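One structure is given below, encoded as structure tokens.
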Amino acid sequence: MSREELIRRYVDTILEKRRDLTREELLRMIEERKKEARVSEAYREVWAVFSVANELGVRIEEVSLEREVKIGNIVSGLTNISTRGRVIAVLEPKEVESNGEKILITRVIIGDSSGWCYLYLWREKAGLLRELNIRPGDVIRVTRAYSKEGRLGTVEIHLGSVGSVSKAEESLDIPSRESFFKRLVDIGYSDNIVNVKATVAGVSELKTFTGPRGDEGAVRRIVLADGDVRMPLTLWQEHSGKVSEKDVLSTVLVAGARVRKGLSGRLELELDSLGCLEVVSGAGGVEYSALSAISSGNPVNLKLQMLKMFSDNVVSFGGRLRRFMDVIVSDGESYAVLTAWDSFADRLRQIGEGKKVFFLNLVPRRWGRQVLLSTVSATTIVRVEDGIPGLRVPEEVYRVGELEPGLRKIHVEGVVSSKPEEQEIASASGERIKTCRFNLVDDTGLVEVVAWRENTAKISWLTPGRSIRIKWCNVRERSIGGMRVEVTGDSEVEETGFEQ
């Protein structure tokens with residue numbers, strides 16, 4: 001049944017019940033109501049007809065739909081629905097409890113040229129797909145179903161005790177299965193639930209948690225890629241175990257994924273019990289970058305040797321404490337500083353110094369001649385090998401004039417030009433913090449050096465005129481302008497000579 005035939009049947013039913021209205025008056029009311037619709041264009045006219053009928057006190061839900069109706073014409077509240085569609089995905093069967101009774105349901109996503117929807121099979125109908133050997137990609141016919149409103153404005157059709165489902169012949173007006181899956185670039189902020197085909201670009205570690213009712217749960221975050229477009233996907237519960245690191249660069253079909261705006265304002269996807277994920281092809285080859293060729297921006301894949309691991313540190317982001325570890329790394333030609341966050345730091349420490357690690361999805365930043373790398377939730381280790389024998393930690397020294405805020409784990413040399421000054425300052429929380437600072441100078445300029453808390457002991461013994469090297473220090477911008485060299489727990493201060 002076409003959309004035009006369906007609307008005409010509904011209009012005729014209303015006019016039979018309300019003989020005080022002319023067809024022109026009724027159609028004008030429907031057109032006006034369409035302007036108020038908050039649904040997509042595909043459902044706007046059908047919604048307006050139902051809204052006007054309800055206002056006029058006419059029930060049209062039970063209008064005979066023995067002829068097949070297009071999925072895009074189905075709205076909530078219909079009965080006796082017959083339709084055909086292609087099976088896009090079959091979700092995991094689920095037991096729900098109602099009035100103390102456990103009921104088995106099977107959920108299917110089906111579609112035709114007008115749209116797609118969820119199909120629910122209840123109780124004894126739940127096993128029909130298995131009995132009829134119906135699989136994703138098959139065309140099915142549904143008869144004597146009823147419709148309800150689903151989550152986020154979607155429409156569901158339900159197969160109760162009187163309904164049936166059967167395999168149907170292929171038809172030119174029903175698109176192929178893959179045509180129902182969008183590309184990442186086509187997903188927009190107006191989407192609520194989508195089906196998507198993409199490549200797995202990264203996989204985070206599986207995390208477990210305890211829910212509010214004491215039940216155990218699991219979650220994993222992956223990154224989907226399609227060309228240059230990337231989008232995070234959060235996998236909840238049973239879906240979290242369907243993808244692991246071995247599936248990186250595999251192609252997946254994701255059905256029934258919810259679209260949401262992340263904290264960064266960018267679009268993200270999540271998959272819960274009303275979705276389905278299928279790995280449809282194996283992993284391909286990985287392209288790795290060279291440190292010398294990368295710049296700030298998109299995540300990169302790198303083969304890096306772990307040269308020197310530093311101690312763990314803690315930093316606060318928005319009131320949340322996060323742990324990190326810095327590592328000096330090399331690809332055999334160039335060097336970088338890699339910051340590994342939280343559990344990823346533990347994993348690298350278990351791997352140990354000297355090993356060559358194959359990373360996917362490290363986020364790069366370039367500061368002058370230094371490359372800084374960071375792990376993110378999608379960073380994945382796909383392989384570990386023995387490193388290159390004899391590859392050493394770099395001893396390159398920066399001149400004062402070469403310093404800029406943002407440099408990390410560098411070496412600086414110069415002459416102490418002022419006596420270290422120790423004092424206590426009060427933090428925002430009222431804590432008394434010990435500090436020590438002095439000026440360091442060379443023939444290219446002067447810079448302030450500062451240490452905090454227990455690290456003050458590393459510089460408080462210095463006297464003017466001493467020539468020193470500060471190893472593994474960081475450079476930060478001062479609040480009053482300029483910059484300073486920070487001596488951290490990882491820093492080492494050594495004399496290189498004594499000036500008279």
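The values are calculated or read from the model by the stated rules, or taken from the named source; none is laboratory data. No experiment lies behind these values; they were computed from the predicted model shown. Positions of Cβ are generated from backbone atoms using ideal geometry, with glycine treated the same way; all protein chains shown enter the neighbour counts.
If we scan region 366-374, do we find a residue that is under 22 Å from Arg221 (Cα atoms), within 22 Å of the chain's Cα centre (by Cα) and surrounded by 14 or more Cβ atoms within 10 Å (Cβ to Cβ)?
Filtering region 366-374 for residues under 22 Å from Arg221 (Cα atoms) gives 373-374.
Filter again for within 22 Å of the chain's Cα centre (by Cα), leaving 373-374.
Within this subset, residues satisfying the condition of being surrounded by 14 or more Cβ atoms within 10 Å (Cβ to Cβ) are 373-374.
The answer is yes; a qualifying residue exists.
Please work out which residue is surrounded by the most Cβ atoms within 10 Å (Cβ to Cβ), limiting yourself to region 152-194 and to residues that are more than 19 Å from Leu233 (Cα to Cα) and of a type in the set (Lys, Arg).
Per the stated criteria, the residue is Arg177.
Of Glu131, Glu205, Glu178, Glu156, which residue is at pLDDT below 85 and either touching a helix residue (DSSP H, G or I) at 6+ places or on another chain (Cβ under 8 Å) or not basic (Lys, Arg) (or both)?
Matching residue, one of Glu131, Glu205, Glu178, Glu156: Glu205.
Given the residues Gly390, Gly406, Gly430, which is the only one that is assigned to a loop (DSSP other than H, G, I, E, B), among the small types (Gly, Ala, Ser) and in contact (Cβ under 8 Å) with a residue 12 or more places away in the chain? Lay out the reasoning, then the answer.
Numbers: Gly390 fails: in contact (Cβ under 8 Å) with a residue 12 or more places away in the chain; Gly430 fails: in contact (Cβ under 8 Å) with a residue 12 or more places away in the chain.
It is Gly406.
Considering region 116-137 alone, what residues qualify as being buried (at least 18 other Cβ atoms within 10 Å of the Cβ) and within 13 Å of Val87 (Cα to Cα)?
Once the filter is applied, which keeps residues that are buried (at least 18 other Cβ atoms within 10 Å of the Cβ) and within 13 Å of Val87 (Cα to Cα), region 116-137 yields Trp116, Cys117, Tyr118, Leu119, Tyr120, Leu129, Ile134.
Can you name every one of the strands (runs of 3 or more DSSP E) wholly within region 206-257 that holds 1 or more residues which are closer than 28 Å to Ser190 by Cα, in contact (Cβ under 8 Å) with a residue 40 or more places away in the chain and out of contact with any Pro (no Cβ under 9 Å at 6 or more places or on another chain)? Reasoning before the result, please.
Working: elements: 207-210, 216-226, 229-236.
Result: 216-226, 229-236.
Kindly indicate which of Leu249, Leu253 is within 20 Å of Ser377 (Cβ to Cβ) and either buried (at least 20 other Cβ atoms within 10 Å of the Cβ) or not assigned by TED's automatic domain parsing to the domain that holds Arg107 (or both).
After ruling out the rest, the residue left standing is Leu249.
What strands (runs of 3 or more DSSP E) lie completely within region 60-143 and have 2 or more residues being without any contact (Cβ under 8 Å) to a residue 12 or more places away in the chain?
Correct list: 94-98, 101-112.
Scanning region 409-435 for residues that are within 41 Å of the chain's Cα centre (by Cα) and crowded, with 19+ Cβ neighbours inside 10 Å, which turns out farthest from Arg366 (Cα to Cα)?
Val412
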